[in-house]
Structures are given as C-alpha cells and as structure tokens.
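What follows is a set of notes on a single structure, which appears directly below.
The values are calculated or read from the model by the stated rules, or taken from the named source; none is laboratory data. The model shown is predicted, which means the values in this text are computed figures rather than measured ones. All Cβ positions, even for glycine, are placed from backbone atoms using ideal geometry, and neighbour counts span all protein chains on display. Surface accessibility is based on the protein's heavy atoms, side chains included, excluding ligands, DNA and RNA. Shrake-Rupley method; radii C 1.70, N 1.55, O 1.52, S 1.80 Å.
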Amino acid sequence: MMIDQLFDVITKLSSYAMIIFFALFAYSKIAKKPQKYPYGKYALVSLLLMIVFGTLFFNSPRGKAVLKRGAQIQSSQTTSSHQNRATTTAVRKTVKSTTLLFTHHLTLTARSGVLEIRVRDQKDTLTSFKLTTFAIIKAIKHSDYQKYKKFKIRFEKATDSGIRPVLSLTITSTAIAKADLNHLKITDLKRISENYYEAH
C-alpha cells in the first residue's frame, strides 16, 4: 500500500471513530448513564488523528489530485448554474441586496439586444451608485449575459425639481467577458464603459 493511501485510510477510520465515540459520549450524557470508557477522550484523540493524517494526505500527490479534481467539478457546476441564470433575475436580486439604503425603483427594459437597467433613488450618494453598478456588472457576468450585446445602466435621483441623472454608462457584453472580477474596482468603471457620465 502506498503511503498516501495509508494516510487516506487512517484519516477515514479516524473520522468514523470520532463520530462513533462522540455519539456514545453524547448518549451517556443525555441518558445520564455512567461511562464505561472515556468516550470523550477517545473522540478527541480520533479528531487529532484525523487532522494530522488528513493534512498529510492532502499534502501528498494523490491528495492534491483529489483536491484539484474536486475544485474542477465545483467550478464547472458553479459556471453551469451561473450561465443558466437569467440576467434580469440576477440584476433584480443584486439591486435588492446591495448598498442602496433608501427607497429605490428598478426598471428593466430589453430591446434589440440591449438591456437597459434604470434605478431611481431618492437620497443615495454617487459612491453608493458606483458600488451598486460594480455589483450589477458582477451579477451580469455570472448570468446568461451572452444573449445581450450591450447593457445600459442608469441611476437617477428623484428631487423636488424633477428627475436628474446621477450616473450612467453603457457596457458591452465583450467588455463584460473580458472583465477580471477579481481585480476590477469601482475606479475602473469609466475605463471599461462606453458613454460614461457622472454628475458633479
């Protein structure tokens, strides 16, 4: 038996033993019966063995291969789930749960391959709108955005004198595809957008 297989077997046996000993320990406490053996100590020793040999296994070549395969499966499942999610649903959910603190109204209009996202608010700040725009772009990328050519995002403020635009931009699906969400910042919005406007 290879050494990494031995680590794997010991890890699994330790996890089973820990569950059994912990269950016996819990039962004796709940039933208020005297313990014939120190199940709590056995469970603790099993946990330590599981941690030690589990660490050794996942640092071995076989363990690393298992982790890599698991990550690939999870990534493909997540990507598939994201791609199947409607863009409009993703945007609605994001706007509802983002940094906008005050009452706001969302309107989504799709025509000729363009999805217009219009948010009307009363009191939120430009920075808040930028953060929400950034969240919307992330939500779009994690959806079936390829069905659209462009996305027009517009934030408006309702004032006593009427409706005034505060932030607006157009971003293409190509720019969405190229955007690296791990490094994108709100200061990059103007760079990756077309027809960018913000009130001063």
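Assorted remarks:
- Residues being outside any helix (DSSP H, G or I), surrounded by 17 or more Cβ atoms within 10 Å (Cβ to Cβ) and among the hydroxyl-bearing types (Ser, Thr, Tyr) - total across region 122-167: 2
Matching residues to (1) farther than 21 Å from residue 4 by Cβ; (2) in contact with a helix residue (DSSP H, G or I) (Cβ under 7 Å, 6 or more places away or on another chain):
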| position | (1), (2) |
| --- | --- |
| 30 | yes, no |
| 33 | yes, no |
| 36 | yes, no |
| 39 | yes, yes |
| 45 | yes, no |
| 48 | no, no |
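- Scanning region 95-120 for residues that are part of a strand (DSSP E or B) and in contact (Cβ under 8 Å) with a residue 40 or more places away in the chain gives a single hit, 120.
- For region 38-62, a tally of residues being under 19 Å from residue 27 (Cβ atoms) and either open to solvent by 90 Å² or more (accessible area, probe 1.4 Å) or touching a residue at least 24 places away in the same chain (Cβ under 8 Å) (or both) returns 6.
- For residue 92, the criteria (1) within 22 Å of the chain's Cα centre (by Cα); (2) within 22 Å of residue 194 (Cβ to Cβ); (3) open to solvent by 40 Å² or more (accessible area, probe 1.4 Å); (4) free of Cβ contacts under 8 Å to residues at least 60 places away in the same chain hold in every case but one, which is (2).
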